[in-house]
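Take a look at the structure set out below.
The values are calculated or read from the model by the stated rules, or taken from the named source; none is laboratory data. Note that the coordinates shown come from a computational prediction; the quantities given were computed from them, not determined experimentally. Neighbour counts are summed over all protein chains in view; Cβ atoms, including those assigned to glycine, are modelled from backbone coordinates with ideal geometry.
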Amino acid sequence: MLSFLGTFTASFRVALVMWPFAAFVLTLPLLLVHYIRFRRVAFGRVVMTYLVVLYGLALAAFTLYPMPDNAARFCGSHHIQPQLVPLASIFDISHEGLRAVLQVVMNVIFFVPLGAFLRAMYRVRWWTVVAIGLMTSAVIELTQLTGVFGAYPCSYRLFDVDDLLLNTSGALLGFWSGWLLPNFRDTERGATTIFRPGLVRRIVAFVADMAGVMIGSTVTTVALIIAGVFHPTHWDEQTHLVALVIPYGFIALVHAILPLAAQGRTLGGWLTGISLDDRPRGWFHRLVYYAVRLLYIAALCMIHLPFVPLIMLIVTIVLWRRYKQLPYAVLDRYWPTTDDE
């Protein structure tokens with residue numbers, strides 16, 4: 001019994017070690033999704049989502065870890081055949097005793113959190129939870145049957161049809177017990193448009209903007225290469241110029257032209273609900289404001305001159321701490337609002 005439980009303890013330790021790294025990688029996408037859906041960060045849902053990440057890692061570790069060390073020796077001496085007889089694991093209890101009982105119980109318990117999470121976070125019916133639980137279990141069983149889809153040369157875990165039944169039952173049990181968890185289904189939506197967002201929201205919008213710049217630049221560059229406009233292996237003066245103009249052209253498009261034409265919204269601003277037009281500005285004031293903002297962002301992107309982004313980052317931190325404004329917005333402090341604005 002102790003060795004049986006020790007296997008799960010080791011797997012859970014692996015999941016705990018991986019959890020902070022997975023949470024870090026998922027933080028920006030998670031924040032972006034929250035700003036898109038709710039126009040704010042719903043703290044309870046964020047905590048629940050991080051717990052779901054831990055659960056997913058633990059589930060993967062329990063079902064796939066560890067792989068046998070010597071693949072050739074293991075595959076030569078083990079020929080694991082799928083168990084396709086329904087309820088065979090139940091009948092095994094009579095002659096395998098406690099270990100078989102624990103196997104059945106753990107297969108149910110593993111999927112209880114899945115059903116509970118689904119009920120707490122989404123408006124789902126019980127049959128939807130059954131379908132999701134069954135599909136999730138099927139993916140895990142197929143992963144075991146195929147040796148992680150060919151990553152391991154043979155099947156090193158047993159494909160058991162009873163696992164499908166027990167896992168699905170666990171998900172349904174979790175759904176029925178999900179009322180014990182707080183209700184995160186009816187999360188209140190924030191304001192549609194924010195004119196003075198916090199730093200976190202600005203960072204998320206900026207990352208989304210730069211992702212748009214990178215995607216646009218990459219697609220344009222590939223299209224020009226396919227069209228034969230320039231060849232990436234021949235870096236002459238024209239190629240260098242094109243390689244410089246394309247990304248900075250998209251930076252100008254996303255960070256200056258687009259907000260000028262779209263009431264202060266960049267691509268990231270549209271996704272997160274931010275408008276940069278936080279005060280009345282005349283046409284010349286707006287033009288100067290977005291030109292200064294463009295220069296600021298271009299300086300942040302000068303990675304070939306590392307000291308420039310570093311200086312801008314320091315200036316940003318200082319001005320944000322003092323004024324709660326980014327450097328380009330400090331311009332407004334010295335540009336008075338006139339009646340015609």
ask   = Here are some residues: VAL161, VAL139, VAL200, VAL130. Which one is surrounded by fewer than 18 Cβ atoms within 10 Å (Cβ to Cβ) and at pLDDT 95 or above?
value = VAL130
query = Does THR143 satisfy being within 30 Å of VAL130 (Cβ to Cβ), β-branched (Val, Ile, Thr) and not assigned by TED's automatic domain parsing to the domain that holds VAL33?
reply = no
task = Within region 84-101, track down each residue that is in contact (Cβ under 8 Å) with a residue 12 or more places away in the chain and crowded, with 16+ Cβ neighbours inside 10 Å.
result = SER89
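Scanning region 278-294 for residues that are surrounded by 13 or more Cβ atoms within 10 Å (Cβ to Cβ) and over 20 Å from PRO197 (Cα atoms), which turns out farthest from the chain's Cα centre (by Cα)?
By that ranking, first place goes to GLY282.
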inquiry  = Being within 25 Å of TRP335 (Cβ to Cβ), in contact with a helix residue (DSSP H, G or I) (Cβ under 6 Å, 6 or more places away or on another chain) and part of a helix (DSSP H, G or I) narrows it down to one residue among ARG293, ARG286, ARG202; which is it?
reply    = ARG293
inquiry  = List pairs: first residue in region 247-263 and closer than 20 Å to HIS304 by Cβ, second residue surrounded by fewer than 19 Cβ atoms within 10 Å (Cβ to Cβ) and among the aliphatic types (A, V, I, L, M) anywhere in the structure, Cβ distance under 7 angstrom, at least six positions apart or on different chains.
reply    = TYR248/ALA298; ILE251/ALA298
note = For region 58-73, pairs from a residue that is closer than 18 Å to PRO113 by Cβ to a residue that is in a loop (DSSP other than H, G, I, E, B) and aliphatic (A, V, I, L, M), with Cβ under 8 Å and 6 or more apart or across chains, are LEU64/VAL148
ask   = Could you give every pair whose Cβ atoms fall below 9 Å, whose first residue belongs to region 323-340 and is assigned by TED's automatic domain parsing to the domain that holds ALA256, and whose second residue is modelled with pLDDT of 90 or more and of a type in the set (S, T, N, Q), counting only separations of at least 6 or pairs across chains?
value = LEU326/THR316; PRO327/THR316
key: Which numbered condition PHE149 fails, given (1) surrounded by fewer than 21 Cβ atoms within 10 Å (Cβ to Cβ); (2) touching a residue at least 60 places away in the same chain (Cβ under 8 Å); (3) touching a Leu at 6+ places or on another chain (Cβ under 9 Å)   = (2)
message = TRP270 - would you say it is in contact (Cβ under 8 Å) with a residue 24 or more places away in the chain, within 25 Å of VAL200 (Cβ to Cβ) and not acidic (Asp, Glu)?
response = no
